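Notes follow the structure.
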Amino acid sequence: MLKLLHAADLHLSSGPEREYGLEVLRELISLANSKQADLLLFCGDLFDSFKDIKDAKLLGAVRDEAQKLHKNCRILYIPGNHESLGMGEKDKLSNFNFGRVELMADPASVFGGRTLELPAADIVCVPHAQDYSGYRKWPLPPKREGTARVLLMHGTSSAVYRGPDPEEGSAGVIPDSLFDWLETDYAALGHVHSARESRIGAALAVYCGSARVWRRREEGPRKAVYFEIKDGEIGGKEDLLLQSAGQCRAFTLPLEPDAGVSPAAMRGLLEKLSSPERDYVVVSLSGLVEDANALTATERALDDVLRAKNPRRLEILSGGVENYGGAASNELAKQFLTRLDAVRPQAGSTETELWFAARRQGLAALTDRELE
């Protein structure tokens with residue numbers, strides 16, 4: 001039996017979130033140890049950019065963490081689209097010492113990657129590329145009888161994830177027919193930061209999602225996916241939540257006409273932030289206020305209060321606040337806002353921009369009516 005742990009999009013950085021990323025890496029290695037995994041798969045964007053790979057201290061820390069993996073486990077790593085950011089024509093990932101992290105890339109091969117033949121499975125590793133359309137010419141042997149084929153790729157599969165995703169346009173599109181042509185049993189995918197999976201013919205295509213919170217809108221727990229291969233079959237699949245990654249936690253805080261926050265609303269927010277040390281906290285302010293200066297003062301006060309809770313990252317957004325002077329006392333405008341807030345789209349929805357446009361236009365019309 002072969003035991004595998006599938007992770008992706010850790011985006012290790014030499015910047016302010018260096019220690020946070022390394023802590024998540026540490027937990028992934030600990031999970032691989034606890035499961036006695038044979039393979040730990042990193043399916044692209046292990047690093048946030050080529051500049052981060054060049055940082056000797058960060059790369060050394062990655063090597064040190066990898067040394068903590070039990071001796072019978074191998075780490076297979078394919079580069080994603082982020083590893084090429086800032087890379088020059090003469091730069092090569094093969095020039096770097098990744099320690100026990102095996103770089104499964106070979107620029108001399110037709111598909112730029114490498115294959116690994118194990119007793120229970122063939123592992124086909126395909127680094128990120130902008131174009132995968134030539135996959136029918138890849139010189140891969142037929143899948144061996146009684147074994148499984150695991151495919152590592154980094155790109156966008158519309159058969160698994162239909163968006164929206166801010167990064168979709170920056171990675172190659174994986175043709176739906178590729179999985180069947182390559183006789184895939186399990187496709188370990190990276191690039192899309194939301195966890196998604198779909199059965200495509202005989203293949204189980206899985207985005208495990210980003211192993212860390214890399215950007216706003218990445219709500220929900222982060223995870224890795226553990227699975228097993230026995231007698232050529234995929235089984236024992238299990239989502240392993242990453243506690244060190246935290247979450248992106250988004251809140252909407254309504255403001256009073258004087259730009260103040262009601263005590264009840266503030267209490268409710270603070271109760272939900274009982275232990276946000278690992279979280280990326282986003283607070284969106286909303287409402288109709290009469291004084292832009294008062295709004296600025298409220299933002300500063302909120303920032304002081306919320307930072308005392310020590311979130312990993314904090315953003316206070318005021319784009320949903322409208323400043324219409326005396327219109328805040330307009331009862332019709334207040335009713336309009338209440339009803340519109342009841343149908344506010346979820347964070348990240350494609351309808352959000354339309355919702356804000358309707359809000360602005362409605363308030364402008366109500367203001368004009370008040371002025372007539």
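The values are calculated or read from the model by the stated rules, or taken from the named source; none is laboratory data. For clarity, every value in this text was computed on a predicted model and none was experimentally measured. Cβ: placed from backbone, ideal geometry, glycine included. Neighbour counts: every protein chain shown.
Among the criteria (1) assigned by TED's automatic domain parsing to the domain that holds Leu337; (2) modelled with pLDDT of 95 or more, the one Ser262 does not fulfil is (2).
Taken together, the residues in the range 81-111 that are within 25 Å of the chain's Cα centre (by Cα) and assigned to a loop (DSSP other than H, G, I, E, B) amount to 7. Restricting attention to the range 281-302 and to residues that are hydroxyl-bearing (Ser, Thr, Tyr) and at pLDDT 90 or above, the residue that is surrounded by the fewest Cβ atoms within 10 Å (Cβ to Cβ) turns out to be Thr296. Of the residues Glu219, Glu238, Glu233, the single one that is surrounded by fewer than 19 Cβ atoms within 10 Å (Cβ to Cβ), closer than 30 Å to Leu22 by Cα and at pLDDT 95 or above is Glu238.
The residues on offer are Leu25, Leu59, Leu69, and the sole one that is among the aliphatic types (A, V, I, L, M) and free of Cβ contacts under 8 Å to residues at least 40 places away in the same chain is Leu59. Scanning the range 241-264 for residues that are surrounded by fewer than 16 Cβ atoms within 10 Å (Cβ to Cβ) and among the aliphatic types (A, V, I, L, M) returns Leu241, Ala264. How many residues are out of contact with any Lys or Arg (no Cβ under 8 Å at 6 or more places or on another chain), buried (at least 17 other Cβ atoms within 10 Å of the Cβ) and outside any loop (DSSP other than H, G, I, E, B) if we restrict to the range 124-143? The total comes to 1. Note on the range 230-267: residues that are among the polar types (S, T, N, Q) and under 16 Å from Val213 (Cα atoms) amount to 3. So for the range 106-118 (the condition being in contact (Cβ under 8 Å) with a residue 40 or more places away in the chain and closer than 11 Å to Phe47 by Cβ), does at least one residue qualify? No, every residue in the range 106-118 fails to be in contact (Cβ under 8 Å) with a residue 40 or more places away in the chain and closer than 11 Å to Phe47 by Cβ. Does any residue of the range 177-187 turn out to be at pLDDT 95 or above, surrounded by 20 or more Cβ atoms within 10 Å (Cβ to Cβ) and touching a His at 6+ places or on another chain (Cβ under 7 Å)? The answer is no; no qualifying residue exists.
Which one is farthest from Leu12 (Cα to Cα) among residues in the range 68-83 that are surrounded by fewer than 24 Cβ atoms within 10 Å (Cβ to Cβ) and among the charged types (D, E, K, R)? That would be Lys71.
Counting only residues that are outside any loop (DSSP other than H, G, I, E, B), polar (S, T, N, Q) and without any contact (Cβ under 8 Å) to a residue 12 or more places away in the chain, the range 269-315 holds 2 of them.
The residues listed here are Gln335, Gln346; of these, the one that is assigned to a loop (DSSP other than H, G, I, E, B) and without any contact (Cβ under 8 Å) to a residue 24 or more places away in the chain is Gln346.
To keep it simple, each residue is scored yes or no on (1) over 14 Å from Phe227 (Cα atoms); (2) among the aliphatic types (A, V, I, L, M); (3) assigned to a helix (DSSP H, G or I).
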residue	(1), (2), (3)
His6	no, no, no
Leu10	yes, yes, no
Leu25	yes, yes, yes
Leu31	no, yes, yes
Asp45	yes, no, no
Leu59	yes, yes, yes
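For the range 241-250, state whether one or more residues are modelled with pLDDT of 95 or more, in contact with a Leu (Cβ under 6 Å, 6 or more places away or on another chain) and of a type outside the set (Asp, Glu). No, the range 241-250 has no match at all. Of all residues in the range 246-268, none are over 30 Å from Lys334 (Cα atoms), assigned to a strand (DSSP E or B) and touching a residue at least 60 places away in the same chain (Cβ under 8 Å). Please indicate, with yes or no, whether at least one residue in the range 176-188 is outside the structural domain of Pro79 (by TED's automatic domain parsing) and among the β-branched types (Val, Ile, Thr). No, because not a single residue in the range 176-188 is outside the structural domain of Pro79 (by TED's automatic domain parsing) and among the β-branched types (Val, Ile, Thr). The set of residues from the range 194-213 being in contact with a strand residue (DSSP E or B) (Cβ under 8 Å, 6 or more places away or on another chain) and either assigned to a loop (DSSP other than H, G, I, E, B) or of a type in the set (Gly, Ala, Ser) (or both) comprises Ser194, Ala195, Ser198, Ala203, Ala205, Cys208, Gly209, Ala211, Val213.
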